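S.K.: Can you keep this structure in mind? I'll have questions shortly.
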Amino acid sequence: MFGQVNNQLRSELKAFWDQNNKSYQDELKSFRSEFAKNRKSMGPPKKTISRQPAAISRDQSGLIDGVVFVVLQELDNSIGLGSHAYFQRMYIIPESRRFGLTNRLFRVFLQGFDRAAEKRDHRANALLAENINPGLQKASMRRYFARLGFQMLGGNQLGGEIWARKLKTHFSF
């Protein structure tokens, strides 16, 4: 789905975020609340270049109940991952959350994103995940991410774990 959003899907995604953005933002804030005092020491935010959906899931009635999206951002070259990377985020509405759905959606996203090398920005050679949900910081979830090809880079000042997965890049003239 990455790079293939038609007008119908765009409209559905807008409706999804109109309905769920507040709960998504509230959830992010709750995960980060105890670490908010450190936010000022993180330095200036990275420059976001693009944000786009990369996979969706639908409930039994056909409505979107989960979205994986990626954000292309500039990186500080000193971290050794190149000048750009994609940051991945996933949100599934609370009433649809279960490991089976989350696992399928994430795997569909990774497979599609890997196949879409020619649609991705050639400057980005890594997919990064900031796991801020404490449930993702358990040993079993760390093994899960490692099996999917991610390597933990470490933690950040907001309490999240940063994971990276190498991307094959496609460059053509």
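S.K.: Answer yes if at least one residue in the range 42-49 is under 25 Å from Gln4 (Cα atoms), at pLDDT below 90 and among the basic types (Lys, Arg), and no otherwise.
M.R.: First pass over the range 42-49, keeping only residues under 25 Å from Gln4 (Cα atoms): 47-49.
Now drop any that are not at pLDDT below 90, which leaves 47-49.
Subsequent filtering for residues that are among the basic types (Lys, Arg) retains 47.
Checked the range 42-49: at least one residue is under 25 Å from Gln4 (Cα atoms), at pLDDT below 90 and among the basic types (Lys, Arg).
S.K.: All but one of (1) in contact with a Ser or Thr (Cβ under 9 Å, 6 or more places away or on another chain); (2) open to solvent by 90 Å² or more (accessible area, probe 1.4 Å); (3) among the aromatic types (Phe, Trp, Tyr) hold for Phe99, so report the exception by its number.
M.R.: For Phe99, the failing item is (1).
S.K.: Starting from the range 67-82, keep only residues that are crowded, with 19+ Cβ neighbours inside 10 Å, then list their pairs with residues that are in a helix (DSSP H, G or I) and of a type outside the set (Val, Ile, Thr) whose Cβ atoms are within a distance under 6 Å, requiring at least 6 positions of separation or different chains.
M.R.: Val68/Phe109
S.K.: Does the range 45-65 hold any residues that are open to solvent by less than 30 Å² (accessible area, probe 1.4 Å) and acidic (Asp, Glu), and which are they?
M.R.: Residue satisfying the conditions is Asp65 alone.
S.K.: Can you tell me which residues in the range 105-119 are open to solvent by 30 Å² or more (accessible area, probe 1.4 Å) and within 15 Å of the chain's Cα centre (by Cα)? So that I can check it myself, show each step before the final result.
M.R.: Here is the first cut: in the range 105-119, the ones open to solvent by 30 Å² or more (accessible area, probe 1.4 Å) are 107-108, 111, 114-115, 118-119.
Result: Arg107, Val108, Gln111, Asp114.
S.K.: Further question on the same structure: Please determine, by comparing only the residues of the range 120-140 that are hydrophobic (A, V, I, L, M, F, W, C) and open to solvent by 30 Å² or more (accessible area, probe 1.4 Å), which one is farthest from Val70 (Cα to Cα).
M.R.: Keep residues of the range 120-140 that are hydrophobic (A, V, I, L, M, F, W, C), which gives 124, 126-129, 132, 136, 139.
Restricting the remaining residues to those that are open to solvent by 30 Å² or more (accessible area, probe 1.4 Å) gives 136, 139.
On the way: Leu136: 18, Ala139: 25 Å.
Among those that are hydrophobic (A, V, I, L, M, F, W, C) and open to solvent by 30 Å² or more (accessible area, probe 1.4 Å), it is Ala139.
S.K.: Cβ contacts < 6 Å: first residue in contact (Cβ under 8 Å) with a residue 40 or more places away in the chain and closer than 21 Å to Leu110 by Cα, restricted to the range 1-30; second residue open to solvent by less than 40 Å² (accessible area, probe 1.4 Å) and not in a helix (DSSP H, G or I), any location; separation 6+ or different chain. Result?
M.R.: Met1/Ala55; Phe2/Ala54; Phe2/Ala116; Gly3/Ala116; Leu13/Pro53
S.K.: Out of the residues in the range 133-173 that are among the aliphatic types (A, V, I, L, M) and part of a loop (DSSP other than H, G, I, E, B), state the one that is modelled with the highest pLDDT. Spell out the reasoning first.
M.R.: Initial filter on the range 133-173 (among the aliphatic types (A, V, I, L, M)): 136, 139, 141, 146, 148, 152-153, 158, 162, 164, 167.
Keeping just the survivors that are part of a loop (DSSP other than H, G, I, E, B) gives 148, 158, 167.
Values: Leu148: 93, Leu158: 64, Leu167: 90.
Within the range 133-173, the match that is modelled with the highest pLDDT is Leu148.
S.K.: Now a separate question. For the range 98-110, enumerate the residues that are modelled with pLDDT of 90 or more and basic (Lys, Arg).
M.R.: Arg104, Arg107
S.K.: Working only within the range 85-95, note down all residues that are farther than 20 Å from Trp163 by Cβ and surrounded by 16 or more Cβ atoms within 10 Å (Cβ to Cβ). Before the answer, list the steps.
M.R.: Applying the first criterion (farther than 20 Å from Trp163 by Cβ) to the range 85-95 yields 93-95.
Selection gives Ile93 alone.
The values are calculated or read from the model by the stated rules, or taken from the named source; none is laboratory data. A quick note: this is a predicted structure, and the numbers were derived from the prediction, not measured. Every residue, glycine as well, gets a Cβ built from its backbone with ideal geometry; the counts of neighbours run over all protein chains shown. Accessible surface is based on the protein model in full, side chains and every heavy atom, while ligands, DNA and RNA are left aside. Shrake-Rupley method; radii C 1.70, N 1.55, O 1.52, S 1.80 Å.
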